[in-house]
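A short worksheet on the structure shown next.
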Amino acid sequence: MIKEHNKLRVHCRSKDDDLGFHDLNETEIYDFSFREHVFATTLFWCNVWKGPDFNKHHQSFEAFSSDTQWKLLCGGKICKWVVRDDAIYVFNTRTKYYAYVYAWDVPHGNTHMITSST
């Protein structure tokens, strides 16, 4: 049985690509791939809503950037994000550890708000 409080809605986009809204249950995975811009200007950001009717928590965050900081944080060119009850984490493929990155419902810099629609 799916716990209603663990439902997610995900919406990711870049300047050029809108990947649409995806509703997930707690065991489902959402992934996407892309080619980095030749001049290393690729940037993707995502919005995640959590809970019944997707109204318990929200976070808008930068999910990938071509800059070196993100490649160090992710452990390479692949960023694996994990949504937990307390926050949003990224998995570092080199260290094999999850790093706490974004708290729920806390605004921070370098984000782009995308309005949820049902």
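Computed from the coordinates by the stated procedures, all read-outs in this text should not be read as laboratory data. Everything quoted here is computed from the prediction, not taken from an experiment. FYI the Cβ positions are ideal-geometry reconstructions off the backbone, even for glycines, and counts take in every protein chain you see.
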(message) Output wanted: per-residue J couplings in Hz (rounded whole) for the stretch 7-20, from phi through Karplus 6.51 cos²θ - 1.76 cosθ + 1.60, θ = phi - 60°, x for Gly and Pro.
(response) 5, 10, 10, 10, 9, 10, 7, 10, 4, 9, 10, 9, 8, x
(message) Please list, ordered by chain and number, the residues whose modelled amide H lies under 5 Å from the amide H of residue 66; skip anything fewer than 5 residues away on the same chain.
(response) 42
(message) What distance in nm lies between label points placed 7 Å from Cα along the C-beta direction at residue 24 and residue 78?
(response) 1.5
(request) Determine the sum of side-chain charges near residue 75: Lys and Arg each +1, Asp and Glu each -1, restricted to other residues whose C-beta is under 15 angstrom from that of residue 75. (result) +4
(message) List the aspartates and glutamates whose Cα sits under 15 Å from the Cα of residue 80, skipping any in the same chain fewer than 8 residues away.
(response) 28, 31, 62
(message) Straight-line reach from residue 77: which lysines fall under 20 Å, measuring Cα to Cα and dropping same-chain residues less than 8 apart?
(response) 15, 96
(message) Could you give each residue of the stretch 50-64 its phi-based ³J(HN,Hα) in whole Hz, using Karplus coefficients 6.51, -1.76, 1.60 with θ = phi - 60°, and x for Gly or Pro?
(response) 9, x, x, 6, 6, 10, 7, 9, 8, 8, 10, 8, 6, 9, 7
